[in-house]
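Written below as structure tokens is the structure these notes are about.
The values are calculated or read from the model by the stated rules, or taken from the named source; none is laboratory data. All values reported here derive from a predicted model rather than from experimental measurement. A quick note on method: Cβ atoms are made from the backbone with ideal geometry, for glycine too, and the neighbour counts reach across all protein chains shown. Quick note on the areas: whole protein, heavy atoms, side chains included, nothing else; ligands and nucleic acids left out. Shrake-Rupley method; radii C 1.70, N 1.55, O 1.52, S 1.80 Å.
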Amino acid sequence: MIPSRPVFETWRPDSLGPAVDVAKSSSETVDQAGREVVWEISGLNNNENWDGLAYRAAGDMAGRVRGQTSTFGNLGMNVEVGVHKFGATLAAEHRAISDLVRIIESGDLYVTDDWTVLVREKVMSPAMAKLLVLAATGFQDQLNPHLMSLGHADYDLGNFIRSETMSVTPGLPELWCDRNAPKDATTDPYSDETRGEDPTRGRENQQKKLAEHMIGTVVDKGTTSEDGKTVTTLRMLDGSRQVYTDAHRGGVGDTFDLYNEKGKLVSTKVNNPDGSIVTTLTRDGKSPIVVRETKDGKAVADVDGVQVQVPGTKDVAQALAGGGMAALEPHVAKGFPYLTAPQAEKLVIGTKAAGPALTILGTAISVADAKNGYDKCVATTAGSVSLAGDLAMMVAAPEGAGALKTFGITAGSSLAFGMAGSFIGRAVCK
């Protein structure tokens, strides 16, 4: 198995060799004791000094003892072979992982309990943030193969010992079907199908975690008062900003502005007196897209004079949570796509708040796909949304940004990262 990092740090695989040598010596001692029992019982019959039912019963008992001690002796010898075979790989990978983590954490990166390499939370320039994302990605690609080898070696060793132990413990289940056997703390590092995983899903999960961490970690906060309104500005790790304006009218007139890492306004959301919200998405060289959503969650987007129905923001937020994006942020998990201005004002540095930015991006993508024809979304959206929103595609093929270009959000922008592609697609098709 791949253990969590805290469990990994309790492992001492280098001690396996000496420990199994002691175990083998003990098993040999037991085996020899069994031999001596048989020898001593047999010796009592020399010159027919002892014979009869009692002697034969003692002989049967000695034979059974010898059978058990012989099995135990063989078990110790076989386990020694397995430990030296698989334990060496386990110990080598443990050392390699420990050394690599020390290198990773010597600077502005760190490794989480589930082995995702992330950037430390502090104020930095957008350019530095991008460099650290590249560094984190590179180190992740180095770390994953070692984690895979560690998991395989641990399983192989455990499976070998289990198979040997079954010879003295009838009824013990095979390791692969034992519900009580330790499980992988994470399957993300696996890049093959030996654990029954999608060979690409795990790596994408790590990339999404990194992207969400960058776009959603608050590293600086400022609160000011302007014309009777309270303005809270949250600076994110990637350099983007979320600006919340509290009009102090019970939510009416509150606004949420999203700026990318270059300081460009991406979107503005306004709460109206009738409970509706209007979200304006800016586009380079084109008129903005305006999404009007009624109090009951029905949303219509005006794109160059054409009106198309799109998912409401709650649908987008729920799709994100269903896809594992921002799922740990309470407001998103409960289906609330945005923070209120008072909630934003109470946030502390280090808090996660990726949901609002991801909701804006999800809305933008859904509008782009809906524009191509809502009635064709089942056939086209899942693919195009996945292409536009899939983080791996954004990193590997910038020219495949698809719908994002419609909004002036380039593949290199941090705001393009981390979308839950097909989950948004399914929301569009409701």
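Could you please state how large a percent of the accessible area of segment 173-293 is carbon and sulfur, counting protein chains only and using a 1.4 Å probe?
48
Could you list, in their original order, any pairs among Lys130/Lys346; Lys286/Lys314; Lys122/Lys286; Lys130/Lys295 whose Cα atoms are separated by more than 32 Å?
Lys122/Lys286; Lys130/Lys295
Report, to two decimal places, the Cα Rg of segment 245-296 normalised by 2.2 N^0.38 Å (N = number of residues).
1.24
What ranking do 268-278, 202-212, 85-95 get when scored by the average of other Cβ atoms within 10 Å per residue, highest first?
Ranked from most to least packed, the peptides come out as 202-212, 85-95, 268-278.
Given 0.36 nm per residue, what is the gain on full extension from Arg12 to Leu265 after removing their alpha carbon distance, in nm?
85.8 nm
With the crude spin-label approximation of a point 7 Å out along Cα→Cβ, what separation in nm comes out for Thr294 versus Lys85?
In this crude label model, Thr294 to Lys85 measures out at 7.0 nm.
Under the Karplus relation 6.51 cos²θ - 1.76 cosθ + 1.60, θ = phi - 60°, what is the ordered set of whole-Hz ³J(HN,Hα) values for segment 204-215, x standing for Gly and Pro?
Rounded to whole hertz, the list is 5, 4, 5, 5, 5, 4, 5, 5, 5, 4, 5, 7.
Which residues does the label zone of Lys122 cover in segment 207-246, counting backbone N under 14 Å from a point 7 Å along Cα→Cβ?
What the label zone holds, given the 14 Å backbone N cut-off, is 219-220.
With all protein chains present, calculate the accessible area of Ser4 using a 1.4 Å probe and round the result to the nearest 10 Å².
30
Highest first, please rank the peptides 112-120, 232-240 by the mean number of other Cβ atoms sitting within 10 Å of their residues.
Output ranking for 112-120, 232-240: 232-240, 112-120.
Can you compute the modelled spin-label distance between Leu172 and Val278, with each label point 7 Å from Cα toward Cβ, in nm?
7.2
Using 1/(1 + (r/R0)^6) with R0 = 41 angstrom and r between the beta carbons of Thr224 and Val306, what's the FRET efficiency to the nearest 0.05?
0.60
Along Cα→Cβ, 7 Å out, is where each label goes; now give me the distance between the ones at Arg5 and Ser106 in nm to one decimal.
Taking the two extended label points, one gets 1.7 nm.
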